[in-house]
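The values are calculated or read from the model by the stated rules, or taken from the named source; none is laboratory data. Predicted, not measured: the structure shown is a model, and the values here were computed from it. Reconstructed Cβ throughout: ideal geometry from the backbone, glycine too, with neighbour counts over all protein chains shown.
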Amino acid sequence: MADLRFYFDPVCPFAWLTSQWVRTVAAQRSYRVEWRLVSLRLLNAHVDYAAQFPPDYEAGHTAGLHLLRVAARARDEHGPGAVGPLYQALGSRLHEHEEPAGPTASASW
């Protein structure tokens, strides 16, 4: 049983920053983290992206759907323990490299 359930969308920079803190605390306290999937695109389905967000914001959330499918497949094929390491790899690539994240960058995956 997990000590903490952490919900994330791979494209969310705020979730990424928080996940780094969670990993640090989990290591220091020997907490078990259950990495759970959540879609910002689906949560924001009612939002008028054009009126409330900068251009390409919707495309970023939509790209998150593709990465969530990858994470769900990894979980289904390899168990829930595969999600944390996959998120670490995806998040590092998306949020810590100099390459721009977005629709054009997704082609390099």
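Among what's in the stretch 98-109 and is out of contact with any helix residue (DSSP H, G or I) (no Cβ under 9 Å at 6 or more places or on another chain) and not acidic (Asp, Glu), pick the residue that is modelled with the highest pLDDT. Step through it out loud before you land on a result.
Step one: list which residues in the stretch 98-109 are out of contact with any helix residue (DSSP H, G or I) (no Cβ under 9 Å at 6 or more places or on another chain), which gives 98, 100, 104, 107-108.
If we keep only those that are not acidic (Asp, Glu) as well, we get 100, 104, 107-108.
On the way: 100: 53, 104: 44, 107: 41, 108: 41.
Result: 100.
For residues in the stretch 32-56 being β-branched (Val, Ile, Thr) and under 18 Å from the mean Cα position of the chain (by Cα), which is farthest from residue 66 (Cα to Cα)?
Applying the first criterion (β-branched (Val, Ile, Thr)) to the stretch 32-56 yields 33, 38, 47.
From what's left, under 18 Å from the mean Cα position of the chain (by Cα): 33, 38.
Details: 33: 23, 38: 12 Å.
Among those that are β-branched (Val, Ile, Thr) and under 18 Å from the mean Cα position of the chain (by Cα), it is 33.
Can you tell me which residue is modelled with the lowest pLDDT among those in the stretch 74-97 that are over 13 Å from residue 36 (Cα atoms) and outside any helix (DSSP H, G or I)?
Of everything passing the filter in the stretch 74-97, 97 is modelled with the lowest pLDDT.
Output the residue which, of all residues in the stretch 1-48 that are part of a helix (DSSP H, G or I) and of a type in the set (Gly, Ala, Ser), is surrounded by the most Cβ atoms within 10 Å (Cβ to Cβ). Give the derivation first.
Step one: list which residues in the stretch 1-48 are part of a helix (DSSP H, G or I), which gives 13-29, 40-43.
The next check asks that each one be of a type in the set (Gly, Ala, Ser); those that pass are 15, 19, 26-27.
Numbers: 15: 20, 19: 22, 26: 18, 27: 10.
My answer is 19.
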